[in-house]
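Colleague: The structure under discussion is supplied below as structure tokens; questions concerning it will follow.
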Amino acid sequence: RLCGCCRRPVAIAWRLNRPAGVRVEAPRDPPYDSFMWIERLRRQPLVVRAIWAVLAFACAVALIEARWSLAFVSVATFALSLVPVLAQRRLGIRLPVRFFGWIVVFVFATIFLGEAFDFYNRFWWWDVVLHGGSAVAFGLVGSLLMLMLVKGERLKAAPITVAFFAFC
């Protein structure tokens, strides 16, 4: 069994009526870096893992063909897509799976496809779509933050004030 909050193994007492003097030891936790990172990366959505596979493949091909700028962009995109995973643990927040998936898709579309494969010049609408999508995402994040402040009774405000600060 795994703990619900930190996903570490939880000890289970197999026999509650064990003989006196018999000591049951809990299994030791594995080192954090060697086990938990792999499990945390495996629990990511399929879209995120597919994007990471594309980035790894593009980086490998770029290194073989000595295209250093493409390799750097691939590694930078991969590193930026890992930031939400690192922030979840360090800041103690939990991002919804779909929201995290959209963050990774947005970073992949802007940096990797937009810059490395020149989608900004190939498609006239690429920049418009990405700016529209980021505007909607920032509006949703702003309204969620305001909603959390109002529902948590940290802020008392009229609904029109909450709507104004959420979208402005």
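The values are calculated or read from the model by the stated rules, or taken from the named source; none is laboratory data. Here the structure is a predicted model, which is why all the values come from computation and not from measurement. Please note: Cβ atoms are built from the backbone with ideal geometry, for glycine as well, and neighbour counts cover all protein chains shown.
Colleague: Residues that are within 24 Å of Trp126 (Cα to Cα), hydroxyl-bearing (Ser, Thr, Tyr) and in contact with a helix residue (DSSP H, G or I) (Cβ under 6 Å, 6 or more places away or on another chain): does region 55-69 have at least one?
Modeller: no
Colleague: May I pose another question? For region 73-168, give me every one of the helices (runs of 4 or more DSSP H) that falls completely inside it and has 3 or more residues that are surrounded by 12 or more Cβ atoms within 10 Å (Cβ to Cβ), in contact (Cβ under 8 Å) with a residue 24 or more places away in the chain and not hydrophobic (A, V, I, L, M, F, W, C). Working first, answer last.
Modeller: Values: elements: 97-107, 119-122, 126-151, 159-167.
Those helices (runs of 4 or more DSSP H) span 126-151.
Colleague: Another question, if that's okay. Please give the number of the condition Ser69 fails out of (1) modelled with pLDDT of 75 or more; (2) outside any helix (DSSP H, G or I).
Modeller: Looking at each condition in turn, Ser69 falls short on (2).
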